[in-house]
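Inspection log for the structure reproduced underneath, given as structure tokens.
The values are calculated or read from the model by the stated rules, or taken from the named source; none is laboratory data. For clarity, every value in this text was computed on a predicted model and none was experimentally measured. Glycine also receives a Cβ, built like all others from the backbone with ideal geometry; neighbour counts cover every protein chain displayed. Just the protein is used for accessible areas: all its heavy atoms, side chains included, with ligands, DNA and RNA removed. Shrake-Rupley method; radii C 1.70, N 1.55, O 1.52, S 1.80 Å.
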Amino acid sequence: MYFVEERRRLPLHFQALAHPIRLEIVGRLAEVDEVGVNDLARHLRMGQPRVSWHLAMLRRGGVIRQRKEGRQVYCSLDLEAIRRHQRAFWELLDEKRRIGVSV
């Protein structure tokens, strides 16, 4: 098994992406590279606590990373983690195909 840990975390990864608001956050981070949580909340026209909750889901799913600078929290995509999860997913599909299991 190539990416055992990533494969184990695939359900969290896909759950993190399975919401329109979180997909909108991912799209915004793809546009701007890094953004503060408060700026993101303004962009989304949502309250900061709600945005923070969605960001926590994305962080647990290995989609984003966060860093703190003073009291401000900045978010960016964790592209390497996303790539690892993609590879684990494709490995899972290839493995099932090799042993003849319908996917």
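A few remarks follow.
- Filter result for ALA81 (under 30 Å from ARG98 (Cβ atoms), under 9 Å from the mean Cα position of the chain (by Cα), modelled with pLDDT under 95 and open to solvent by less than 40 Å² (accessible area, probe 1.4 Å)): yes
- LEU29 meets the conditions (1) within 30 Å of GLU95 (Cα to Cα); (2) open to solvent by less than 70 Å² (accessible area, probe 1.4 Å) in every case but one. The failed one is (1).
- ILE21, sole failed condition from (1) part of a helix (DSSP H, G or I); (2) out of contact with any Leu (no Cβ under 8 Å at 6 or more places or on another chain); (3) surrounded by 12 or more Cβ atoms within 10 Å (Cβ to Cβ): (2)
Here's the yes/no breakdown for (1) more than 29 Å from ARG7 (Cα to Cα); (2) in a strand (DSSP E or B); (3) of a type outside the set (Phe, Trp, Tyr):
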{"position": "GLU31", "(1), (2), (3)": "no, no, yes"}
{"position": "PRO49", "(1), (2), (3)": "yes, no, yes"}
{"position": "SER52", "(1), (2), (3)": "no, no, yes"}
{"position": "ALA56", "(1), (2), (3)": "no, no, yes"}
{"position": "GLY62", "(1), (2), (3)": "no, no, yes"}
{"position": "TYR74", "(1), (2), (3)": "no, yes, no"}
{"position": "ALA81", "(1), (2), (3)": "no, no, yes"}
{"position": "ALA88", "(1), (2), (3)": "no, no, yes"}
{"position": "GLU91", "(1), (2), (3)": "no, no, yes"}
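- For HIS13, the conditions (1) assigned to a helix (DSSP H, G or I); (2) within 20 Å of GLU69 (Cα to Cα) all hold with the exception of (2).
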